[in-house]
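Notes to accompany the following structure.
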Amino acid sequence: MPTPPRDALQQSLTELPPWLLSMSFSSPRLFTPPGFYNAPLSKFTLTSVAACSVAASVFHLRHWFPLHLSLVVAGAQVQRLVVSHCAFTSSSELLFGGVLLYYLRGIERLYGTRKFAVFVTVTSTLATLLNVSILVLLRGFVNWTAPGPYAWIFANLFIYHERVPETDKFEILGIRFSQKSFVYLLAVQLIAADWSHSWLPALSGLVAGAVWATDLFGMQSWRFPRAIEKFATRYLAPLLQSPPPERSTNPEVPRPPARTTAATNAATTMAPNVPAMPEQPVHQDSIELLVAMGFDRERATTVLRRVGGDMERAVQALL
């Protein structure tokens, strides 16, 4: 009797190495609060890709998903242009791809779901066209590409690289790393799972993300028709809603140790006329960026003022 997809997925997730589980699912240094609050499209994508991937494995349907140029052209299987984004065909790709889909949900919070839906549609379309074009040019050398939401992941990865500040910086053997380094490592491992067929969709996703970042033809201002948005808001959004994350009981940045009375008197005696440092102004763009990431506006404003407008320290404190 075939294993139910949910049980198979849970069994696959237990195969993740401990360091990856701790970094990806329970780390306090995720660049947005945990969960899918304000990220319904990312929630739908992760669950759908996981379900399709497990179903393809359980019911032996993996051959339906790769993007074969010959089957698309000669076999008239045009549906592969779409279904090639819907499932991974190996457990390692599902594991690393699933973690990346979860981690990069912060881009949806950054853009808002309306804009993010357009971003995903545009970049996936561009990546598919680029995929097919390169397959035509390299016919005989590359005949098909690995299936999976590579366009989604790597277009998001480009925006993540460009827009999300680095935190938790450290050095190993003189090489500087940050929390972003672990995300890039996951992306490299995803490509390495089937590098000969996954490099092309990954590259196409990165290029599509770069094109979006240039705002070619004003694409960043595009939106779906109001009728589609109303339908999604009324019928789909309630099914994908997630509760807001619990507020931290200690959101403030730790203050430096208080001076002793003797130290304060000494400092006053040595520099009696030195004025107090003025409070650093907080830029509205920084507040809006933190709010888009899912943080409370009042808390974001308070923490930004306390750290002098430093976005990296503010993100660390809010998490």
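No value in this document is a laboratory result; all are computed from the given coordinates. Note that this is a predicted model, so its numbers are computed, not measured. Neighbour counts run over all protein chains shown; Cβ positions are idealised from the backbone, glycine included.
Structural remarks
- Distance distribution note for the stretch 5-240: the fraction of Cα pairs above 30 angstrom is 25%.
- Cα-projected label distance for F177 with W222, points at 7 Å along beta-carbon direction, nm: 3.9 nm
- Peptides 227-236, 149-158 ordered by average Cβ neighbours within 10 Å, highest first: 149-158, 227-236
- Under the simplified labelling scheme, the Q241-A51 pair shows an inter-label distance of 2.0 nm, with each label point 7 Å from Cα along Cα→Cβ.
- Contour excess over end-to-end distance, with Cα ends at E312 and V83 and 0.36 nm allotted per residue: 78.6 nm
- Taking 20 Å as the cut-off, the amide N atoms of the stretch 80-98 that come nearer than this to a point 7 Å along the Cα-to-beta-carbon line of V142 belong to 80-90, 93-94, 97.
- Residues whose amide H falls under 5 Å from that of F177, counting only those 5 or more places apart or on a different chain, are F170, E171, I172, with hydrogens built in the peptide plane.
- T45 sits among other residues whose Cβ lies under 12 Å from its own Cβ, and their net charge, with Lys and Arg +1 and Asp and Glu -1, is +1.
- Nearby lysines by direct alpha-carbon distance to K115 (threshold 19 angstrom, same-chain neighbours under 8 apart not counted): K43, K230
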